[in-house]
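I have placed the structure first, in the form of structure tokens, so that the comments after it can refer back to it.
Every read-out reported here was derived from the displayed coordinates using simple, explicitly stated rules and does not represent laboratory data. Keep in mind that this is a model prediction, so the values were computed, not measured. Glycine also receives a Cβ, built like all others from the backbone with ideal geometry; neighbour counts cover every protein chain displayed.
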Amino acid sequence: MKFFLDTANIAEIEEAASWGVLAGVTTNPTLYAREGGKLADFHKHLKRICDIVDGPVSGETVCLKRDEIVREGEELAALAPNLVVKVPTMPEGLAATKALADKGIKVNMTLCFTVPQAILAARSGAAYVSPFVGRFDDISEDGIDQLEQVVVALNNYDFGHQVEVIAASIRSANHVTKAALMGADIATVPFGVLEKLVKHPLTDRGLESFLADWEKVKNA
């Protein structure tokens, strides 16, 4: 499984990259606004992220009409060779995805919740399909079960191009574990969740024991 950060925070991206585990980033204007950024500067910020990350960076479009999505997607793709255009799952999004894919521009189809949506996204030319796990949990449904159905369904077919499943809207380490066991290609997580993945009480206890033993050795 590869790990993407879902953030616009440069410090978080640089820290995760320093661990050697960062495979990509997904972001959007809303996340950038939470960092105090302005929409007018979003493209410049995306370019900065692309310069840091050795992997795909998904930048979300804000338009809802196919021609406008395509135009915005072309502008985003021109920022960097690793820029992936994030497009919502809807009829206009499918049409825009086909047009962008025909131009050689990779698309991450987001806001995907069902197997039919995922198959349609793949058929339209999307390189990445992002089922939203946490949004199901928000309405007391099993997001992991929906993710598993998407993984199984997409693995049943040859779409003529590589399609990777991104377990999106991940809220916990347990989500990541289950997504990995079912074969999701990527987990996109907030930095806080990525930090939790590294930690375990037994690891902490082992480190404490090691340090205690080391102090005894030094003072012997």
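Taking other C-beta atoms within 10 angstrom as a stand-in for reagent exposure, CYS112, CYS63, CYS50 fall in the order CYS63, CYS50, CYS112, fewest first.
Within the listed set PRO88, PRO29, PRO201, the residue fluctuating most in the Gaussian network model of the chain (springs between alpha-carbon atoms under 10 angstrom) is PRO201.
Residues of the stretch 1-22 with an amide N closer than 15 Å to a point placed 7 Å from the Cα of LEU207 along the Cα-to-Cβ direction: 19.
Going down the table (LYS44/LYS199; LYS103/LYS199; LYS44/LYS106; LYS2/LYS44; LYS98/LYS199; LYS2/LYS47), which pairs top 31 Å between alpha carbons?
Values: LYS44/LYS199 34 Å; LYS103/LYS199 43 Å; LYS44/LYS106 20 Å; LYS2/LYS44 26 Å; LYS98/LYS199 42 Å; LYS2/LYS47 22 Å.
Table pairs above 31 Å Cα-Cα are LYS44/LYS199; LYS103/LYS199; LYS98/LYS199.
Can you give the net charge of the other residues whose Cβ lies under 13 Å from the Cβ of GLN146, counting K and R as +1 and D and E as -1?
Details: positive: ARG135, LYS178; negative: ASP137, ASP138, GLU141, ASP142, ASP145, GLU148.
Net charge around GLN146: -4.
Find how many whole Å separate the alpha carbon centroid of the stretch 65-107 from the alpha carbon centroid of the stretch 133-176. Distance between centres, Cα-based: 22 Å.
Listed by chain and number, the aspartates and glutamates placed with their C-alpha closer than 15 angstrom to that of LYS178 are ASP137, ASP142, ASP145, GLU148; residues fewer than eight positions away on the same chain are left out.
Karplus-derived 3J(HN,Hα) values for the stretch 67-80, using 6.51 cos²θ - 1.76 cosθ + 1.60 with θ = phi - 60°, are 5, 6, 4, 4, 4, 5, x, 5, 5, 5, 4, 6, 5, 6 Hz; glycine and proline are entered as x.
Kirkwood analysis of the Cα pair distances in the stretch 2-219 returns a hydrodynamic radius of 18.2 Å. In order along the stretch 121-133, the Karplus-derived 3J(HN,Hα) couplings, from 6.51 cos²θ - 1.76 cosθ + 1.60 at θ = phi - 60°, round to 4, 5, 5, 6, x, 4, 7, 10, 10, 10, x, 8, 6 Hz, and Gly and Pro are given as x.
Return the loop-located trypsin sites (Lys or Arg not before Pro) in the stretch 166-220 (DSSP other than H, G, I, E, B) with at most 15 other Cβ atoms within 10 Å of their own Cβ; answer none if there are none. Working shown, then result.
Working: sites: ARG171, LYS178, LYS196, LYS199, ARG205, LYS216, LYS218; in loops: ARG171, LYS199.
Of the trypsin sites (Lys or Arg not before Pro), the ones in loops of the stretch 166-220 whose Cβ has at most 15 other Cβ atoms within 10 Å are LYS199.
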